[in-house]
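**Student:** Got a structure here, written out as C-alpha cells. Questions coming.
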Amino acid sequence: MRYPCAPAVTGSNRVDLAAALVGSPLTATPSDIAVFAAIGLADVITVTVLAKELTFAAFDSVGLRALGYPARWLDALVLLLLGAVVVAVVPAVGSMLPLALLAGPAGAALLWARRLVPAVVLAALLGQAAGAGGLALSMTYRIATSATVALICGLIFLVAFTTTRSTSVRLRLT
C-alpha cells in the first residue's frame with residue numbers, strides 16, 4: 001500500500017507512514033526493551049537525585065536563579081531526558097503512543113492531586129492502567145494497540161478534566 005506522504009523508495013528501504021505514526025508495542029525487540037530500561041533507569045536516578053531542584057525549577061525558575069542554581073542547565077537536562085525517551089521509543093512504537101503516555105496520565109494526575117509526589121505516583125499508575133487496558137482491549141477486539149492505549153490516555157484526561165473541582169483550569173482554557 002502506498003501513502004501519498006511517503007517518499008517513493010524502492011527495495012527494502014520502504015517507508016511505512018502508518019507504522020511511524022501508530023507502530024505497535026508488541027513488535028518491540030529485547031534490545032529495544034533493554035534500551036528503554038536503561039533510559040528509564042537514568043531518568044529515575046536523575047529525577048530522584050535532583051528532585052528538589054527540578055521541583056523548584058518547575059514552579060519558580062526566577063527564585064531558583066536568585067538562589068544561584070543553574071536554572072538553564074536544569075531545563076536543558078529535563079529536555080535531554082525527555083528527548084532521549086522520545087527518540088528511543090518512537091522507532092519501536094510510533095509517535096502517537098509516547099506522546100499520549102507523556103501527556104494524558106500526567107495531565108490527569110496534576111488535575112486530581114494537590115501535591116507533586118502523589119501526582120507523579122498517580123501519573124505512573126494511570127499510565128500503567130492505560131497500557132494494560134489498551135493491550136487487553138486490543139487483544140480482545142483485534143484493534144491497533146498503540147491507538148487503543150492513546151485513546152484510553154485521552155479518556156483518562158477527559159474524565160479528570162470534567163470531574164475536577166477546580167474551575168480555574170477550565171476558565172484558563174476557554
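The values are calculated or read from the model by the stated rules, or taken from the named source; none is laboratory data. Predicted model only: the values in this text are computed from it and were never measured. Don't worry about glycine lacking a Cβ; one is built from the backbone with ideal geometry, like all the others, and counts go over all protein chains shown.
**Student:** Just to verify a result, which residue in the range 58-97, among those that are outside any helix (DSSP H, G or I) and either of a type in the set (S, T, N, Q) or surrounded by 15 or more Cβ atoms within 10 Å (Cβ to Cβ) (or both), is nearest to the chain's Cα centre (by Cα)?
**Tutor:** Top of the filtered list is 95.
**Student:** Still on this structure: For the range 40-49, how many residues meet the condition of being among the aliphatic types (A, V, I, L, M), surrounded by 12 or more Cβ atoms within 10 Å (Cβ to Cβ) and at pLDDT below 95?
**Tutor:** 1
**Student:** Another question, then. When both residues are 6+ apart or on different chains and their Cβ atoms are under 9 Å apart, which pairs have a first residue that lies in the range 147-171 and is outside any helix (DSSP H, G or I) and modelled with pLDDT of 75 or more, and a second that is charged (D, E, K, R) and surrounded by fewer than 14 Cβ atoms within 10 Å (Cβ to Cβ)?
**Tutor:** 164/170
**Student:** Report whether or not residue 36 is modelled with pLDDT under 95, under 20 Å from residue 106 (Cα atoms), outside the structural domain of residue 100 (by TED's automatic domain parsing) and more than 16 Å from the chain's Cα centre (by Cα).
**Tutor:** Taking the combined requirement at face value, the residue does not satisfy it.
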